[in-house]
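The values are calculated or read from the model by the stated rules, or taken from the named source; none is laboratory data. Everything numeric in this text was worked out from a predicted model, so none of it was measured. For neighbour counting, all protein chains shown are included, and Cβ atoms are generated from backbone atoms with ideal geometry for every residue, glycine included. Heavy atoms of the whole protein, side chains included, go into the accessibility calculation; ligands, DNA and RNA do not. Shrake-Rupley method; radii C 1.70, N 1.55, O 1.52, S 1.80 Å.
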Amino acid sequence: MRIVRYYEHGEPSVLRVEEAENPRPGPGQVLIRAEAIGVTFAEVQRRQGIRIGGHANLPGSPGGDVAGTVEALGEGVTGVSIGERVVTDVHEGAYADYVLADASWLIAIPAGLDAAEATLLPSPAQTAYHAIKESGQLKPGETILIDAASGGVGHLAVQIAKSMGAGKVIATASTQAKLDFVRELGADVTINYTDADWDEQVRAATGGRGADVVLETVGGDILTKSVQLTAQFGRLVFYGSASGAVEPIHPLALTRMKTVAGFALYAMMYNRPEAIAAGQRDLIDMITSGKVKPVVHARLPLDEAVKSHELMEARTQLGKIVLVP
């Protein structure tokens, strides 16, 4: 089988497609024949050697959200059958024809959802859902500000927030094409965060009070200004730093009863499995009912893993980039 690995940090060109033997599932694992693999920016950062995206150990083999067919079961695995189509988050070794996965976190692919679309169900959709519901505690009628709203997580967050009853969804992105995209998905207000006065535009859109919930994944100066744009008694949820920079937040910036909450999907998975299960049910209902539509920007052959990372670094995608073995 083919698998993508890298032996040094650097440009996308460090990714290599190699031949390897098919892995065998151990206790509690399944072997999946991959049909589609979701590419995440966290893995781009790991390849670059930036630990914000997770560990950056060498040699590396990117992780991702893998959709495919169960080919073999490890010892003790129940509740899933060979031949079943599933999707799950794979920590490493995801860019491959065959992958090993923890049987505990498998999601059955709903009828009518193709493999590429299904790759948005594990980490992108769950991150958006729980960042809004658990950390952001969005209430019906509240205003939410979603930074980097056109990406794999952001475009789902816009739709999920609307489905949860947000009164106003303010979406920021870096180009007009991205702003048009998120407006089509339901954003009420769209703002280009490369504008010098983007924060003043957000204040104007909220009548000067700021947003009740802020989803922030850019970092740097965007994070600093997003804290300022959080309303009194509001909640800012920090779940990543695409810029690679994290500015310190001074405690005095929070004195108007603001809360800054961190979010990590793995913390939810390992400590709140019942919430993860409930979130899966809600998300599948949102998707099958048409309230939330996963968008795939590009489907690339596995051999074009380098190009997939180049597209991610170019920051031009609308939705998800997926590799297809």
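Side notes on the structure shown:
- Probe 1.4 Å, accessible area per residue of the chain, Å²: 41
- Each 5 Å bin from zero up to the one holding the largest Cα-Cα distance in the stretch 210-270 carries the following percent of pairs: 5, 19, 31, 23, 14, 7, 1.
- Between the stretch 137-203 and the stretch 53-127, the C-alpha centres lie 29 angstrom from each other.
- Extending 7 Å from Cα along the Cβ direction at E11 and again at A264 yields two label points whose distance is 3.3 nm.
- Candidate lysines - alpha carbon under 18 Å from K168, same-chain residues fewer than 8 apart omitted: K133, K139, K291
- Heavy-atom accessible surface of the stretch 103-189: percent carbon and sulfur, 1.4 Å: 49
- Its Cα gyration tensor gives the stretch 31-72 an equivalent ellipsoid. The semi-axes, each the square root of 5 times an eigenvalue, are 24, 11, 6 Å from largest down.
- Taking the C-alpha atoms of the stretch 95-220, convex hull volume expressed per residue in Å³: 145
- Once C-alpha pairs closer than 8 Å and six or more residues apart are averaged by separation and normalised to the residue number of the chain, the relative contact order reads 18 percent.
- Summary: within the chain, the longest segment free of GluC sites (Glu not before Pro) located in DSSP loops with at most 13 other C-beta atoms within 10 Å is 76-325.
- Histogram of C-alpha separations across the stretch 135-178, 5 Å bin width, %: 6, 25, 33, 22, 10, 4
- Each stretch of four or more DSSP H residues adds -39500 (n - 2.57); spread over every residue of the chain, this sum gives -7500 deg cm²/dmol at 222 nm.
- Cα gyration tensor of the stretch 1-91 - equivalent ellipsoid semi-axes, whole Å, descending: 27, 14, 12
- Of all DSSP-defined beta bridges confined to the chain, some 55% are antiparallel rather than parallel.
- From most to least packed by mean Cβ count within 10 Å, the peptides 169-176, 228-235 give 169-176, 228-235.
- Convex hull volume per residue in cubic angstrom - Cα atoms of the stretch 163-268: 123
- 16 Å cut-off, amide nitrogen to a point 7 angstrom out along R256 Cα→Cβ, residues in the stretch 101-145: 143-145
- The P(r) of the stretch 85-140 has a tail past 12 Å containing 70 percent of all C-alpha pairs.
- Stokes-Einstein, applied to the Kirkwood radius of the stretch 220-325 over Cα pairs at a viscosity of 1.306 mPa s and 10 °C, places its translational diffusion at 92 µm² s⁻¹.
- Close amide H partners of Q29, meaning residues 5 or more places away or on another chain with modelled amide H under 5 Å apart, are G74, E75, A103.
- Cα-centred dipole magnitude for the stretch 105-202, charges only on beta-carbon of K, R (+1) and D, E (-1), debye, nearest 20: 340
- By the Kirkwood approach, averaging reciprocal distances over each pair of separate Cα atoms, the chain gets a hydrodynamic radius of 20.0 Å.
- Shape annotation for the stretch 43-95: C-alpha extents along the principal axes are 38, 20, 15 Å, from largest to smallest.
- Per-selection metrics, the stretch 40-156 (Cα): Rg and Dmax in Å: 16.1, 48
- At 1.002 mPa s and 20 °C, Stokes D of the stretch 253-310 from Kirkwood alpha-carbon radius, µm² per second: 139
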